[in-house]
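Only one structure is covered here, and it is reproduced in the block below.
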Amino acid sequence: MQDFFRFTELTYYLGSREREIRISGELKPGYVLVVKGPSGSGKSTLLKVMARLVKAQGGEIIYRDKNWYAYSPYAWRTCIQYVPQKPVMFRGNGRENLYKPFLLKGIREDRIFNEEKVREYLDIFSLPPQILEQEAITLSGGEAARLSFIRALLIEPSIILLDEPTAYLDQENRIKVLRFFSRWVKEEPGRGIVLISHQENDIEEFSDTSFISLGG
C-alpha cells in the first residue's frame, strides 16, 4: 500500500533553539489530520515544516512513496499548499494575488490559471467578481482569508495545510468554508488536509479525522 503522507521523527526547533519538537504521524487519503496542542506548542511551525518553509533538523516526510527531498521545493509546494492563519496579500489586485503561485519556477505545466475556475470559487466562497480588480490590501480579513483559500486551490494541490482557517470568518462564511473543504477532501482520491483549529465545532464538520498532539 502506498505511503500517502507519513512523517517520522520530524524534528524542528521553536524560538532560538530553545525547544526541540519531535513528532511522527500519518495523513491518510480522504482524511483530515488534526494537530492538537496548547498555544505555543509548535503547531503552526509544524505546518511550515511540512510545507518546507521552515527547515527541519531531522526526520523525514514520505509523500506518495518518495522522500520529500526527492521533490524540488517548488514541486513540493505545488502538491502541498500551506494557508496561514493570517491571510497574506501581496501588492496588486485580487486577480494578481491569485496568479502569484503560477509565477513560481518549476510549476508543473499542467497547472494553468483558469479564469472559469476562479469565478466558480468566488461564487462558492461568496465573493463578488469585482474583488478581482480591488487592491488586495484593502480587503477585509474575511475577504482576504477566502481569497487565500482560492489561491491555494487553483494550483490543484493534493494536500492543504490549514492553520486556524476560520479565524477571520463570520459564522455564515465559517460554515460555508468548512463544508466546502469537507467535500473537497472526498471529491477525488488522493487528497488530504492537515488542520489546526481550537474550535471543536470546526473539527466536527469533517467525517474522517485522525489526531496528533503536541505537548505544552
Discussion item. Nothing charged except the Cβ atoms of Lys and Arg (+1) and of Asp and Glu (-1): what's the magnitude of the dipole of the chain about its Cα centre? Round to the nearest 20 debye.
Written reply: 660 debye
Practice prompt. Check the straight Cα-Cα distances from residue 43 and name the aspartates and glutamates below 19 Å, setting aside those fewer than 8 residues away within the same chain.
Written response: 9, 18, 20, 26, 60, 163, 164, 200, 202
Worksheet, complete the sentence: Inter-part gap, Cα centre of segment 57-80 to Cα centre of segment 85-161, in whole angstrom, is 24 Å
Discussion item. Once the convex hull of the alpha carbons of segment 65-107 is built, what does its volume come to per residue, in cubic angstrom?
Written reply: 87 Å³
Response to the item:
Filtered hits (lysines, Cα-Cα < 24 Å from residue 36, offset >= 8 within chain) -> 28, 48, 55, 86, 176, 186
Discussion item. Once you keep just the Cα pairs under 8 angstrom separated by 6 or more residues, what percentage relative contact order results for segment 5-213?
Written reply: 31 percent
Discussion item. On a full-extension model of 0.36 nm per residue, what is the gain between residue 114 and residue 203, subtracting their alpha-carbon distance, rounded to one decimal in nm?
Written reply: 29.0 nm
Item to complete: Report relative contact order for segment 1-115 in percent, whole number only (criteria: Cα-Cα under 8 Å, sequence separation at least 6).
Response: 25 percent
Response to the item:
In Å³ per residue, the alpha-carbon convex hull of the chain encloses 127 Å³
Item to complete: Tell me the label-point distance for the pair residue 91, residue 24, using the 7 Å Cα-to-Cβ offset, in nm and rounded to one decimal.
Response: 4.8 nm
Item to complete: Determine ³J(HN,Hα), in whole Hz, for all residues of segment 196-211 in sequence, where each value follows from phi through the Karplus function 6.51 cos²θ - 1.76 cosθ + 1.60 and θ = phi - 60°; x replaces Gly and Pro.
Response: 10, 7, 8, 9, 4, 5, 5, 5, 5, 6, 9, 7, 10, 10, 9, 9
Worksheet item: What longest region of the chain stays clear of GluC sites (Glu not before Pro) that DSSP places outside H, G, I, E and B and that have at most 14 other Cβ atoms within 10 Å?
Response: 19-108
Response to the item:
Any lysines whose Cα falls less than 17 Å from that of residue 117, other than same-chain ones fewer than 8 residues away, would be 100
Response to the item:
Between the residues 103, 127, 138, the Cα farthest towards the positive end of the dipole of the chain, that dipole coming from +1 and -1 charges on the beta-carbon of Lys, Arg, Asp and Glu, is from 103
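None of the figures in this text is laboratory data; all of them are computed from the coordinates on show. Here the structure is a predicted model, which is why all the values come from computation and not from measurement. Because the Cβ atoms are built from the backbone with ideal geometry, glycine has one as well, and the counts that use them run over all protein chains shown.
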